[in-house]
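Trainee: This is the structure I have questions about; it appears just below.
The values are calculated or read from the model by the stated rules, or taken from the named source; none is laboratory data. These numbers were taken from a predicted model, which means no experiment stands behind them. For neighbour counting, all protein chains shown are included, and Cβ atoms are generated from backbone atoms with ideal geometry for every residue, glycine included. Areas reflect the complete protein model, heavy atoms only, side chains present, ligands, DNA and RNA absent. Shrake-Rupley method; radii C 1.70, N 1.55, O 1.52, S 1.80 Å.
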Amino acid sequence: MQTIGIKPSSSGGSGDGPADSSPPGRDAPYLLAGAGAVAAGAGLVLALSHASSPLRGPLALFFLLAAPGAAFAAALRGLDPWARALTSAAGAVAVVMLVAQGMLATHRWSVDGGIVTVGVLSALAFLAQLAVRKWRNKIR
């Protein structure tokens, strides 16, 4: 008679539950990105709905900096992470300042208009770099 032993699973787990293949701490950037997206979306909704919340100002400012910053960061994938963060933050501040200056110069200043303009410019920048990336992959 031959005895067949039970082999441990290849994932290294004890077999009691599903094995987690990712090391601890690898999901933190994704969790922070998701929390930032929720905060920026909340800032957009609070600002456009004219809610009387004390979080309206800080979250709207977070949206104004995070939306163009994310678009710049997505376009600058090849840079070092710190250089990418610094460049996208500087680009976000420049976009917000240019939108504000353009609205002031044309005497069309409004909070809602500024938020919508920054959001639309950020979406267009993100979509443009996405289209360029797909076009480059298609050529290859």
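Trainee: Of the numbered conditions (1) more than 21 Å from ALA33 (Cβ to Cβ); (2) modelled with pLDDT under 90, LEU104 fails exactly one; give the number of that condition.
Mentor: (2)
Trainee: Only one residue in ARG56, ARG77 is surrounded by 13 or more Cβ atoms within 10 Å (Cβ to Cβ), in contact with a helix residue (DSSP H, G or I) (Cβ under 9 Å, 6 or more places away or on another chain) and either closer than 27 Å to LYS134 by Cβ or at pLDDT below 95 (or both). Which one? Break it down into steps so the answer makes sense when it comes.
Mentor: Numbers: ARG77 fails: surrounded by 13 or more Cβ atoms within 10 Å (Cβ to Cβ).
Answer to the selection: ARG56.
Trainee: Only one of ALA71, ALA94 is modelled with pLDDT of 95 or more, small (Gly, Ala, Ser) and either within 14 Å of the chain's Cα centre (by Cα) or open to solvent by 40 Å² or more (accessible area, probe 1.4 Å) (or both); which?
Mentor: After applying the criteria, what remains is ALA94.
Trainee: When the residues of segment 114-140 are narrowed to those that are farther than 19 Å from GLY41 by Cβ and not charged (D, E, K, R), which ends up farthest from the chain's Cα centre (by Cα)? Break it down into steps so the answer makes sense when it comes.
Mentor: Initial filter on segment 114-140 (farther than 19 Å from GLY41 by Cβ): 128-140.
From what is left, the residues that are not charged (D, E, K, R) are 128-132, 135, 137, 139.
Numbers: ALA128: 16, GLN129: 14, LEU130: 14, ALA131: 18, VAL132: 19, TRP135: 23, ASN137: 23, ILE139: 28 Å.
The qualifying residue farthest from the chain's Cα centre (by Cα) is ILE139.
Trainee: Would it be correct to say that VAL99 is open to solvent by 80 Å² or more (accessible area, probe 1.4 Å) and modelled with pLDDT of 90 or more?
Mentor: Working: open to solvent by 80 Å² or more (accessible area, probe 1.4 Å): no; modelled with pLDDT of 90 or more: yes.
Criteria not met by VAL99.
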